[in-house]
1. Roughly how many nanometres apart are two label points built 7 Å out from the Cα toward the Cβ at Gln313 and Thr97?
2. Could you pull the Rg and Dmax for segment 358-469, using just the Cα atoms, both in Å?
3. Rounding to the nearest 10 and keeping the result within 0 to 90°, find how far the Cα-based axis of helix 98-115 lies from the longest principal axis of the chain.
4. Quick one: which residues, 5+ away or cross-chain, put their amide H under 5 Å from the amide H of Ser213? H built at 1.01 Å from N.
5. Once both labels are modelled 7 Å past Cα along the beta-carbon direction, what's the Ile456-Tyr324 spacing in nm?
6. Dipole of segment 300-407 (Lys/Arg Cβ +1, Asp/Glu Cβ -1, origin at the Cα centre): which of Ala356, Tyr380, Leu312 lies farthest to the positive side?
7. Could you give the semi-axes, largest first, of the ellipsoid that matches segment 211-288, computed as the square roots of 5 times the alpha carbon gyration tensor eigenvalues and rounded to whole Å?
8. Arrange Glu437, Glu260 by Cβ neighbour counts within 10 Å, fewest through most, would you?
Amino acid sequence: MENRIKIFNTLTREVETFVPRVDGKVSMYTCGPTVYHYAHIGNLRSYIMEDILEKTLRYAGYDVKRVMNITDVGHLSSDADTGEDKMLKGAKREHKTVMEIAKFYTDAFFDDCKKLNIKRPDVVEPATNCIQEFIHMIEVLLEKGYAYVAGDNVYFDTSKLEDYYVFSSQSEKELMVGVRDDVDEDRNKRNKSDFVLWFTKSKFDNQELKWESPWGVGYPGWHIECSCISMKHLGEYMDIHCGGVDNIFPHHTNEIAQSESYLGHKWCNYWFHVHHLNDKTGKMSKSKGDFLTVSLLEEKGYNPLVYRMFCLQSHYRKPLEFSYEVLDNMTSAYEKLLNAIARLNPSGEADEADFAAYREKFIDAVGNDMNTAMGITVLYDMLKSDLGDATKLKLAESFDEVLSLDLTAKRGKQTIDSDLESYVLAKIEERKAAKKEKDFAKADAIRAELLEKGIILEDTREGVKWKKA
Ligand code: AMP
Ligand code: ZN
């Protein structure tokens with residue numbers, strides 16, 4: 001099939017025409033959440049934009065298989081293998097077991113995704129399901145001489161690689177940020193950038209989840225899980241790997257180091273990274289404690305899909321600053337958009353040629369390095385155009401396969417509401433007539449019948465009023 005989707009590839013730092021390894025098929029991997037707390041809306045920005053990438057590829061005709069891990073073990077509070085174990089921290093905070101915490105926050109994550117119309121990846125695999133695969137990969141890395149045992153931990157030896165810093169145009173300084181966070185330096189490491197593949201001895205004597213391994217009872221490092229889980233489901237090659245920009249180093253750099261050393265060939269062709277959502281103090285992060293969640297937005301009266309639209313109105317390769325003011329403006333823009341679509345009054349069939357032409361325009365817009373704001377502009381232009389309403393409605397429904405903003409939500413509702421309204425008004429008239437006849441039993445029965453349907457009647461001086469219970 002024709003390849004026309006363009007994406008910025010962090011490996012080459014260029015916008016490239018995406019060409020999958022197998023014609024018409026895409027294998028895609030996304031680093032999933034670390035489930036020790038709710039996802040904040042920054043994390044969800046990444047997942048929204050990755051969802052757009054997946055849906056755009058599907059819309060353009062590709063057969064996509066997408067895999068996501070769930071990090072329920074191994075992620076320490078510093079990405080450079082030090083600090084506290086994030087899962088253990090969550091368990092202590094809530095006086096629960098690590099597995100209870102993992103289950104609770106995995107479910108919470110997918111609830112949030114549902115509210116934001118983020119499609120669940122085809123495969124979702126928790127790290128704790130794959131311990132044997134991790135051990136196998138580490139054994140092979142040791143056999144091949146890419147890893148060493150020191151102080152009872154297993155480390156990856158980055159000096160064995162010709163080019164460890166594959167995302168090369170990242171300045172060395174930027175790359176070392178993760179390592180600089182690393183306050184207590186690990187003396188077992190041969191090179192500063194080496195990283196842990198398997199922990200047996202660490203300061204976490206109370207680590208809850210531990211497994212037998214050839215190197216003693218312990219648990220895996222964070223990076224190994226994504227290499228193994230992706231290969232388990234996608235094989236030795238992958239087309240697109242996604243994550244937030246903070247994953248570029250060290251996480252994705254280390255994933256590439258392990259995977260390519262293990263496989264002996266190039267692993268993934270395209271790297272897609274979403275920039276951060278910031279608040280006034282900088283990058284939104286879970287460890288800051290005070291962070292914004294989908295539930296919090298809902299408590300404040302926002303529709304989660306307004307947040308999705310807020311994300312889609314900006315480009316994924318630019319940092320985005322969150323503010324309630326912008327979210328308020330987005331709420332009214334979203335309402336207006338839905339109302340415009342609700343007012344469409346289709347009669348007859350959609351025009352197939354117009355439909356196909358606009359569909360192409362939409363693919364060209366969003367397919368140009370996920371320019372979602374341009375995609376929304378195509379939607380507005382289409383609604384303003386002189387196309388017939390039937391075509392417009394069909395196009396709005398079609399674009400929504402990618403945008404997933406529930407664009408026709410108000411149409412459904414209006415019909416139900418107007419049906420309900422005419423039903424209630426008819427009953428009120430009936431009751432009025434009964435009262436006039438002094439048939440109060442009938443009048444009361446009608447009131448009760450409405451109440452059963454959740455409608456409350458109020459007799460006021462201006463006449464009968466009704467409201468939903
Ligand atoms: P975590 O649950 O911490 O492993 O992160 C889940 C995903 O969210 C990863 O892809 C991160 O790169 C991404 N992420 C973390 N913080 C932000 C942020 N402030 N804005 C956007 N994405 C983020
Ligand atoms: Zn990962």
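1. 4.7
2. 23.0, 71
3. 50
4. Gly218
5. That separation, rounded to one decimal, is 2.8 nm.
6. Leu312
7. On the way: eigenvalues 140, 76, 18 Å².
Listed largest to smallest, the semi-axes of segment 211-288 are 26, 19, 9 Å.
8. Working: Glu437 10, Glu260 17.
Lowest to highest Cβ neighbour count: Glu437, Glu260.
Coordinate-derived values only; no laboratory data. All figures in this text were calculated on a predicted structure; none of them were measured in a lab. With ideal geometry, Cβ positions are generated from the backbone for all residues, glycine too; neighbour counts draw on all protein chains shown.
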